[in-house]
1. Which of the residues spanning the stretch 38-80 are without any contact (Cβ under 8 Å) to a residue 40 or more places away in the chain, acidic (Asp, Glu) and either touching a helix residue (DSSP H, G or I) at 6+ places or on another chain (Cβ under 9 Å) or not in a helix (DSSP H, G or I) (or both)?
2. Can you tell me which residues in the stretch 84-108 are within 19 Å of the chain's Cα centre (by Cα), more than 15 Å from Phe52 (Cα to Cα) and among the hydrophobic types (A, V, I, L, M, F, W, C)?
3. In the stretch 91-122, what residues are of a type in the set (A, V, I, L, M) and surrounded by 13 or more Cβ atoms within 10 Å (Cβ to Cβ)?
4. Check whether at least one residue in the stretch 72-88 is modelled with pLDDT under 95, surrounded by fewer than 16 Cβ atoms within 10 Å (Cβ to Cβ) and over 27 Å from Phe109 (Cα atoms), and report yes or no.
Amino acid sequence: MSRLPRQIKMDADGLYHLRGQVAGPAGYYPFQVPENSDRLLAIIRRYTGLSFCQVVDLSILGNHYHLVCLFEAFRKLTRKELLALAQRFYPHPSCQPYLHWTDSQWEHFNRRLFNVSKLMRNVQSSYALWFNRLKLYVQRRRRNYSYVTCH
């Protein structure tokens, strides 16, 4: 069955109940480990701080979380506002794609800051990237490998 598009209206304020989950076998509850739930909380704070939304409620459970956010209606930001947000979004000096963006790419970035789906994609992918690196690090330490990590 094909997915139906979500009914997200960017031209009006909206309250959204969002849910994210970690996949795993039965009885797998990674968020019960404080380090994992703390990292998820830091990621949620980062991306909700960059998006035009307010966190109304957050519940982190064993293998999933519920996030209720109030999103502002879409509005066109000035280039100065967008540049400040892009610098916070891409803080690492070696990763500054906004230096070469066209007008259409700036428009896309503007819309992204008001988009519920993009917020969840950022949170989920950032957590998955961190968690997979953590698992790889633990596996390699158990095998006594020496390696160099790249951040």
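1. Correct list: Asp57 only.
2. Cys95
3. Leu113, Val116, Leu119, Met120
4. no
The values are calculated or read from the model by the stated rules, or taken from the named source; none is laboratory data. Nothing here was measured: the structure is a model prediction, and the numbers come from that model. Cβ atoms come from the backbone with ideal geometry, glycine included; neighbour counts cover every protein chain shown.
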